[in-house]
Amino acid sequence: MNEIEQLELEVQGMTCDACARHVTKALQEVEGVVETAVPGWQSGKATVKASPGVTAEALAAAVAHAGYSATIKSRQPLNTPGSRNGSYDYDLMVIGGGSAGFAAAIKAAELGYHTAIVEAGTMGGTCVNVGCVPSKTLIRAVETAHQAGTHRFQGIHTIPGPIEWPQVIAQKDELVTRLRQGKYADVLAGYPDIEYIEGYARLTGKNSVEINGPFDAAQGKLYTPYRILIATGARPWAPPIEGLAEAGYLDSTAVLDLQERPSSLIVLGANAVGLELAQTYARAGTFVTVVELLPRIAPFEDEAISAALAGYLEEEGLRILTGFATKQVQKENGRYHLTGIHQDKEVTLDAEQLLVATGRRPNTANMGLEENGVKLGRRGEILVDETLRTGNPFVYAAGDVTGQDMFVYVAAYAGGLAAENALNGLSNPLDTGYIPRITFTDPQVASAGLTEAQAIERGHNVKVSTLAMSHVPRALAARDTRGLIKLVADADSDRLLGAHILAPEGGELIQTAVLAIRFGITVSQLRQTIFPYLTNVEGIKLALLGFEKDVALLSCCAG
């Protein structure tokens with residue numbers, strides 16, 4: 001039995017019954033189309049039944065040739081779900097049981113498809129087990145203790161009481177276990193069309209997968225899914241520094257499990273993970289030294305944000321060495337000695353522990369990818385097009401394994417998008433131009449869109465407004481005016497290009513700017529929007545006013 005698919009199209013430009021007839025005729029002339037229906041020009045829709053070989057591009061081109069435009073909204077096989085009527089083991093096999101993998105499997109199940117998740121490690125992936133959840137609960141616990149001992153209202157700074165470190169670690173572990181069960185294991189029970197397979201997956205053909213162990217029953221078993229989605233995530237990576245491997249070190253996973261807090265710690269790497277953990281341990285009482293090869297910390301953020309954050313961290317007692325080229329690591333008598341070049345001089349640092357936080361690399365080794373048409377980049381990342389399809393048309397990839405925008409919320413969104421594209425033959429692109437980025441230091445870094453330097457590099461006629469948090473009434477009332485808000489806009493179109501925030505709980509402010517960037521809301525339109533008084537998000541309104549006014553000359557609530 002030949003498969004027939006039903007496609008739902010959104011058609012723009014129809015204004016009369018004749019338009020509907022023209023669209024119907026244009027679609028019927030596409031080779032492979034079996035039946036077409038346009039339920040009136042007012043509906044702006046068309047339904048097409050066609051063979052799977054009919055592409056979305058062919059249908060859109062036919063409608064365009066008739067003088068209209070069309071977008072494919074959905075594509076559903078009429079004689080599936082059910083593993084393509086017995087032709088395949090699964091409609092979709094997802095390799096990787098983390099955020100991207102679960103999101104993909106859930107989307108497939110919601111669309112009515114039979115899906116398998118294959119996972120060789122712990123269910124839930126990086127975020128819930130060794131990433132976002134454990135690190136952020138640890139950060140919050142230490143931050144709460146720190147703030148309890150810092151009386152900002154009276155301008156008095158006191159040393160907080162000792163933190164019961166083993167208790168904090170135990171509480172972290174309890175939360176991880178609870179969320180892994182509640183948000184992953186228990187979720188599977190609600191989706192009978194999703195099977196969970198424990199084992200190691202390897203591609204053995206264009207759309208065939210071999211799964212080995214860990215259980216004997218699964219040894220070497222071959223599967224042929226209709227489509228495959230790889231979501232195997234990434235792992236911590238360390239640079240090839242002399243002596244580092246021999247000395248051993250902590251990575252971002254191991255540092256979260258230390259049962260005893262070290263008295264001193266060197267953190268190699270000053271991006272989000274390194275800075276978050278450096279401040280957390282420093283606030284818990286560890287003497288922390290942060291070393292970074294690049295000229296500034298948070299090197300991918302706006303320069304003003306990086307400079308201000310460095311100042312706040314140094315005020316808390318962290319030692320920060322940027323432009324530090326690490327040459328060698330040794331471990332003697334239970335202590336680490338890290339030697340490098342700083343300001344043209346050789347410097348040796350000494351500490352009880354060493355944390356290497358120099359980035360992550362995708363998990364793609366020994367999976368038979370390149371042998372089967374899945375191309376890899378120089379860091380082992382799977383190369384995908386904007387629809388998340390790989391060089392093998394049967395295989396898609398999503399999440400950290402693609403090496404792009406390694407954030408759990410991007411991975412989850414991409415997983416769902418990739419599943420829908422793979423199963424319904426759609427070409428919906430992954431748009432990452434507006435995604436927010438948060439670094440959970442205190443104050444937090446929150447940003448979206450282009451920095452000032454990036455906007456200039458791309459040829460924009462740039463205008464910038466920078467607002468110190470000391471101009472925000474909420475910050476004044478809270479007696480915590482650390483930070484700034486910097487907005488970057490195109491002077492010609494008035495569109496917001498980027499937003500960069502450094503503020504306590506700055507991550508709670510960024511979404512207003514994200515929406516503006518994504519939907520093309522102009523500075524003028526956003527400025528004319530009412531913001532609530534005595535909130536930090538009002539700082540965005542003040543920064544918007546700062547494009548054309550001196551906010552120091554405004555009264556409270558004046559716009």
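Each reported figure results from applying straightforward, stated rules to the coordinates on display, with no laboratory input. Since this is a predicted model, take the numbers as computed values, not measurements. Neighbour counts are summed over all protein chains in view; Cβ atoms, including those assigned to glycine, are modelled from backbone coordinates with ideal geometry.
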**Message:** Tell me the relative contact order for the range 88-155 as a rounded percent, counting alpha carbon contacts under 8 Å between residues six or more apart.
**Reply:** 29
**Message:** Please compute the length gained on full extension between ILE530 and ASP550, using 0.36 nm multiplied by the number of residues separating them and subtracting their Cα-Cα distance.
**Reply:** 5.3 nm
**Asked** Where does helix 56-65 land angle-wise versus the long Cα axis of the chain, in degrees 0 to 90, nearest 10?
**Response** 70
**Message:** Would the range 409-517 count as rounded, prolate or oblate if I go by the C-alpha gyration tensor, calling it rounded below 1.5 in a/c and otherwise prolate when a/b exceeds b/c, oblate otherwise?
**Reply:** oblate
**Asked** With each label point set 7 Å from Cα along the Cα-Cβ vector, what nm distance links GLU352 and ASP17?
**Response** 8.5
**Request:** Going by C-beta contacts inside 10 Å, put LYS25, LYS345, LYS486 in order with the fewest on the left.
**Result:** LYS345, LYS25, LYS486
**THR24/SER427 FRET efficiency (R0 25 Å; Cβ-Cβ; nearest 0.05)** = 0.65
**Request:** Excluding residues fewer than 8 places away in the same chain, name every one of the aspartates and glutamates whose C-alpha is closer than 20 Å to that of LYS327.
**Result:** GLU242, GLU246, ASP251, GLU292, ASP344, GLU346, ASP350, GLU352
**Complete:** Short to long, in 5 Å steps from zero, the percent of alpha-carbon pairs of the range 372-440 per bin is 3, 18, 28, 25, 16, 7, 2, 1
**Asked** For helix 99-110, what angle does its Cα long axis make with the longest principal axis of the chain, in degrees from 0 to 90 and rounded to 10?
**Response** 30
**Fill in**
For ILE117, other-chain or 5+-apart residues with amide H closer than 5 Å (H placed, Pro excluded) are VAL94, GLU195, TYR196, ILE197
**Amide H contacts of ALA234 (H built 1.01 Å from N, under 5 Å, at least 5 apart or other chain)** = ASN363
**Request:** Can you tell me which of 104-111, 68-75, 177-184 comes out highest on packing, and rank the rest after it, using the mean Cβ neighbours within 10 Å?
**Result:** 104-111, 68-75, 177-184
**Message:** Run the reach check for LYS172 against lysines, Cα to Cα strictly under 20 Å, same-chain hits fewer than 8 apart removed. What comes back?
**Reply:** LYS136, LYS183
**Complete:** Under the Karplus relation with 6.51, -1.76 and 1.60 and θ = phi - 60°, whole-Hz ³J(HN,Hα) for the range 125-134, x at Gly and Pro, equal x, 5, 4, 6, 8, 9, x, 3, 5, x
**Asked** What lysines could a cross-link reach from LYS49, if we take a straight Cα to Cα line under 17 Å and drop same-chain neighbours fewer than 8 places away?
**Response** LYS25, LYS73
**Dipole magnitude of the chain about its Cα centre (Cβ charges: Lys, Arg +1; Asp, Glu -1), debye to nearest 20** = 580
**Request:** Express in whole angstrom the spacing between the alpha-carbon centres of the range 265-305 and the range 50-74.
**Result:** 51
**Fill in**
Placing each pseudo-label 7 Å from Cα in the direction of the beta carbon, LEU476 and PHE300 end up separated by a distance in nanometres of 3.7
**Complete:** Note: the chain at 10 °C, 1.306 mPa s; Kirkwood Rh on alpha carbon pairs; Stokes-Einstein D in µm²/s works out to 60
**Request:** Could you list which residues have their amide H under 5 Å from that of LYS45, counting only those 5 or more apart in sequence or on another chain, with H placed in the peptide plane?
**Result:** VAL11
**Prompt:** Rg and Dmax of the range 5-77, Cα atoms, in Å?
**Reply:** 10.6, 31
**Asked** What are the ³J(HN,Hα) values, in whole Hz, obtained from phi via the Karplus relation 6.51 cos²θ - 1.76 cosθ + 1.60 with θ = phi - 60°, for each residue of the range 298-308 in sequence order, with x given for Gly and Pro?
**Response** 6, x, 9, 8, 4, 4, 5, 5, 4, 5, 5
**Prompt:** Among CYS16, CYS132, CYS127, CYS557, which comes first, second and so on when ranked by fewest other beta-carbon atoms within 10 Å?
**Reply:** CYS16, CYS557, CYS132, CYS127
**Item:** Net charge of Cβ neighbours under 15 Å - reference LYS463; Lys, Arg +1; Asp, Glu -1
**Value:** -1
**Message:** So if I take the centroid of the Cα atoms in the range 337-381 and the same for the range 428-494, what is the distance between those two points in Å?
**Reply:** 29
**Prompt:** HN-Hα J couplings of the range 49-54 from phi, Karplus 6.51/-1.76/1.60, θ = phi - 60°, integer Hz, Gly and Pro as x?
**Reply:** 10, 8, 6, x, x, 6
